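Trainee: Take a look at this one; I'll ask things after.
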């Protein structure tokens, strides 16, 4: 048996003797080096928690001596929480004469099995030899806390009281939100909440984090969350399927899901589906999104003067007289992002030998030089201009090559996790030099760097400034061309591409004005197969959106019609495309793709003598499935389709509102946006105008709806004739 595969967790106050006796008995069974107990393994250890996490990273079982003191111990709770996050089996043990308070332990534990070793010793030993792993409790994609986090107790305590009960022991299934302008600290507050011990204890089935931004890959983000919950990599046909499958996995789980940086209500909806015990925290700069999600709103505005000064002076020896720093914080609009940038400048100047006062004077002069007399709080455009000036002052701390490489980061797609591998390609540097420079940029607060995952993220306020700096000397199209040249588009290099490159190569080729190169890739079955296996079918369909010609539209149609097959059977891509396109083989674009597919086929092979698959480009674009009754009427506006259903039974029957619904779709993507329920009988007619729908029903009522929020604006009662 491998060394240290069992970790014993206990409270010294009332469980140490039992734990020691248990260790000795287990050593007799499995060997002296197989058991980890802190009194034995931690003598002389200074970083005790790091020692414990190292041990839990390398064991398969945590045996919990469940005494009253252990159940009340914050350290023991941290141990079992970390163990579950790492996929370690947790086995609670009853201790005679030390009764368990069942109301004081988490639901996952009370629902599980407690071993009585006097009666179950053999069973216990057998269970310690199982080889399968438990499902880990995810703490997924939550950003690390800034090195010098400044508490904002009013906003934080309000959030905590909404998400936890009065005793802070149990979660509350609620949707809540943080709203405010960009850079005001919404994301940091949400991250602080996720890292709070009480939150992690209450949401004992996990904490999930997803960042959307202005142009998210919704299917990709749903896939990440599903994988975090299940350790499975699904292939969702679309966002509707992803939302439904994720909702199934959220059922009966006490999970906190943070949906960060939401710009569009339609992007948010798939993450709100299902999970009756699941709580959601939304961060957005748009109040109407929070209202549309029926979320309890918490406004995040400028920091208080005291908080602003604390952020400005974080990590430096604060002076007794803070008056000059109060004035500097006010000059920066008490704006969290700008205070963080200024703090980095102060630390850099003091590291160069300046006193804190001299460093402050240098920052003030840098702001004077760029005309930043004060950041206007009620003028978004003026705030952005001021942000550019403050960042410009901090860029002066870099040398010319460093500034050039910093500006080059603006070429990457916004609202994306940018892997270090792509940055290495862009900069033509090795991993060590790239990471060293990235760490420097992170210290200056220009970017966020996750060293564990090797990814960076750029705040959209900062990214906008970087793009402006980049394009002062280089057209953006040329910057994309340079990146494409470094990626190289031949098949020998595809295998070296990371997920970011596979996902976004079409975006960069379009931005570089190189659509002919993108077309050549999309007519290469090896490329299509590689991207399908690396990402998903929807990424290929999205790449075809850049083209308007008939041939590429046929290719896109074939991919759409094949979506449900190739999602499940990756090896069917070529045959599926061929079957939907063969009737168009006279089209030169289609002909090129079909010839390429034929070259990839291993002979001999069987083929159909007659057309059997639905031809691409035909009248069938996609199927919208969701009604349980006959569809009575349809209305359409732009990308939005609205359909109404009702029963086919006699009109004098009585029906619940569930059987008489209105469904709002995005017919181009197939996404089911919203279901409107409120009529008590068949819906027989629909009219749509802008954001509003009017529905007419056999229940004699007209209802005016906002289809974006699902809100009933008016109910007009009448008499059926």
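Trainee: Could you give the length gained on full extension between residue 700 and residue 20, defined as 0.36 nm per residue of separation minus the Cα-Cα distance, in nm? Could the numbers behind the result be given before it?
Mentor: Details: separation 680, 0.36 × 680 = 244.80 nm, distance 7.59 nm.
Result: 237.2 nm gained on full extension.
Trainee: Using DSSP, restrict attention to beta bridges with both residues in the chain and report what percent are antiparallel, rounded to the nearest 5.
Mentor: Bridges in the chain are about 55 percent antiparallel.
Trainee: Report the rotationally averaged projected area of the stretch 306-377 based on its alpha-carbon convex hull, in square nanometres. If you can, show how the numbers build up before the last one.
Mentor: On the way: hull surface 17.7 nm².
So the mean shadow area of the Cα hull is 4.4 nm².
Trainee: Run lengths n ≥ 4 of DSSP H only: what is the helix-derived mean residue ellipticity at 222 nm for the chain, with -39500 (n - 2.57) per run over all residues, to the nearest 500?
Mentor: Working: 32 runs with 324 residues, N = 721.
Roughly -13000 deg cm²/dmol at 222 nm, from the helical runs in the chain.
Trainee: Give me the extension gain from residue 689 to residue 451: residue separation times 0.36 nm, minus the current Cα-Cα distance, reported in nm with one decimal. Walk me through the numbers on the way to the answer.
Mentor: On the way: separation 238, 0.36 × 238 = 85.68 nm, distance 4.96 nm.
Here the answer is 80.7 nm.
Trainee: Something else now. Calculated FRET efficiency, residue 232 and residue 717, Cβ-Cβ r, R0 45 Å, to nearest 0.05? Mind showing how you got there, number by number?
Mentor: Details: r = 50 Å, r/R0 = 1.12.
Taking R0 as 45 Å, the efficiency between residue 232 and residue 717 is 0.35.
Trainee: A further question on this structure: Find the centroid of the Cα atoms in the stretch 486-544 and in the stretch 362-438, then give the distance between the two in whole Å.
Mentor: So the separation of the two Cα centres works out to 29 Å.
Trainee: State the label only: which of [x] 232; [y] 211; [z] 152 corresponds to volume of the Cα convex hull per residue in Å³ computed from the shown model?
Mentor: [x]
Trainee: Another one. Multiply the residue separation of residue 571 and residue 549 by 0.36 nm, subtract the distance between their alpha-carbon atoms, and state the gained length in nm to one decimal.
Mentor: Values: separation 22, 0.36 × 22 = 7.92 nm, distance 2.77 nm.
Once the chain is fully extended between residue 571 and residue 549, it gains 5.2 nm.
Trainee: Using Cβ counts within 10 Å as a stand-in for footprinting exposure, how do 175, 131 rank, fewest first?
Mentor: 131, 175
Trainee: Which shape class applies to the stretch 435-497: rounded if a/c is under 1.5, otherwise prolate when a/b exceeds b/c and oblate if not, where a ≥ b ≥ c are the square roots of the Cα gyration tensor eigenvalues? Don't skip to the answer; put the middle values down first.
Mentor: Working: a/c = 2.73, a/b = 1.21, b/c = 2.26.
Because a/c hits 1.5 or more and a/b fails to exceed b/c, the stretch 435-497 counts as oblate.
Trainee: Determine, from the Cβ-Cβ distance of residue 147 and residue 583 and an R0 of 45 Å, the FRET efficiency 1/(1 + (r/R0)^6), rounded to the nearest 0.05.
Mentor: Values: r = 62 Å, r/R0 = 1.38.
The calculated FRET efficiency here is 0.15.
Trainee: Separate question: Return the distance in nm (one decimal) between the two label points of a simple spin-label model at residue 160 and residue 126, each offset 7 Å from Cα along Cα→Cβ.
Mentor: With each label placed 7 Å out from Cα toward Cβ, I get 4.6 nm.
Trainee: For Cα pairs less than 8 Å apart in space and 6+ apart in sequence, what is the mean separation divided by the residue count of the chain, i.e. the relative contact order in percent? Let's see the in-between values first.
Mentor: Details: 1168 pairs, mean separation 49.9, N = 721.
Relative contact order of the chain: 7 percent.
Trainee: Under the rule a/c < 1.5 gives rounded, and otherwise a/b versus b/c splits prolate from oblate, where does the stretch 147-299 land using the Cα gyration tensor?
Mentor: Numbers: a/c = 1.73, a/b = 1.25, b/c = 1.38.
Judged from the Cα gyration tensor, the stretch 147-299 comes out oblate (a/c at least 1.5, b/c at or above a/b).
Trainee: Take the alpha carbon gyration tensor of the stretch 6-127, find the square roots of its eigenvalues, order them as a ≥ b ≥ c, and report rounded if a/c is under 1.5; if not, report prolate when a/b exceeds b/c, else oblate.
Mentor: Working: a/c = 1.39, a/b = 1.13, b/c = 1.23.
Taking the square roots of the gyration eigenvalues as a ≥ b ≥ c, the stretch 6-127 is rounded.
Trainee: Using a Förster radius of 35 Å, what is the FRET efficiency between residue 173 and residue 75 based on their Cβ-Cβ separation? Nearest 0.05, please.
Mentor: Details: r = 29 Å, r/R0 = 0.82.
Computed FRET efficiency for residue 173 and residue 75 comes out at 0.75.
Computed from the coordinates by the stated procedures, all read-outs in this text should not be read as laboratory data. Fair warning: this is a prediction, and the values are worked out from it, not measured in the lab. When we count neighbours, we look across all protein chains shown, and the Cβ atoms used for this are built from the backbone with ideal geometry, even at glycine.
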